[in-house]
1. Per residue of the range 20-34, what does 6.51 cos²θ - 1.76 cosθ + 1.60 with θ = phi - 60° give for ³J(HN,Hα)? Whole Hz please, x for Gly and Pro, Karplus curve as stated.
2. For every other residue with a beta carbon closer than 14 angstrom to the beta carbon of Thr24, add +1 if it is Lys or Arg and -1 if Asp or Glu, then tell me the sum.
3. Comparing Gly78, Gly53, Gly28, which has the greatest mean-square fluctuation in the GNM of the chain with Cα pairs linked when under 10 Å apart?
4. Report, in debye and to the nearest 20, how large the dipole of the range 2-109 comes out about its Cα centre when Lys and Arg carry +1 and Asp and Glu carry -1 on their Cβ.
5. Count charges around Asp46 for me, please; just the other residues with Cβ under 13 Å from its Cβ, Lys/Arg as +1, Asp/Glu as -1.
6. Which residue, Ile21, Ile81, Ile55, has the most motion in a Gaussian network model of the chain that connects Cα atoms within less than 10 Å?
7. Once the dipole of the chain is set up with Lys and Arg at +1 and Asp and Glu at -1 on Cβ about the Cα centre, which of Val31, Asn13, Thr75 lies farthest towards its positive end?
8. Considering only Ile59, Ile99, Ile84, give the residue with the highest GNM mean-square fluctuation for the chain, with springs between Cα atoms whenever their separation is below 10 Å.
Amino acid sequence: MQLVPRLTKRAENLSNKVTAIAHTFTVGQLVYLDALDIWQLAQADDEATFKDGIISQVIDVDTFVVVYSGIVEWTAHGYTIGDIHYLSDTAPGGNQTTIPANAQIAFDVMDID
């Protein structure tokens, strides 16, 4: 799957390998970096928890890759091509196709794989 995360800052294929001891993130979750520099699950119910990126790879229990902008390859994702997904206002780290009250576009689905 090719997802195109939409962020306020435009940069092409901007990502970062992050070490966070015993993190519990999974591929596809939307995350933000809080005021204490700790990665948390993003949620649209509060602008302070809007997403900074999407988890594109979990390397191990202590390391993951977050993509801020660019294309994420995600095989067998199950999303519909052309759909726009928004940061969920009810499920931390989740996304939805309905526009929440505090809308933040999370990604566009560009390809079936």
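Every read-out reported here was derived from the displayed coordinates using simple, explicitly stated rules and does not represent laboratory data. As the structure is a prediction and not an experimental result, all values here were calculated from the model. Don't worry about glycine lacking a Cβ; one is built from the backbone with ideal geometry, like all the others, and counts go over all protein chains shown.
1. Values per residue, Gly and Pro as x: 9, 4, 6, 5, 10, 6, 10, 4, x, 6, 9, 10, 9, 9, 7 Hz.
2. -2
3. Largest GNM mean-square fluctuation: Gly78.
4. On the way: 5 positive and 13 negative charges, 51 e Å.
So the dipole magnitude of the range 2-109 works out to roughly 240 debye.
5. The answer is -3.
6. Among Ile21, Ile81, Ile55, the largest mean-square fluctuation in the Gaussian network model of the chain belongs to Ile21.
7. Asn13
8. Ile59
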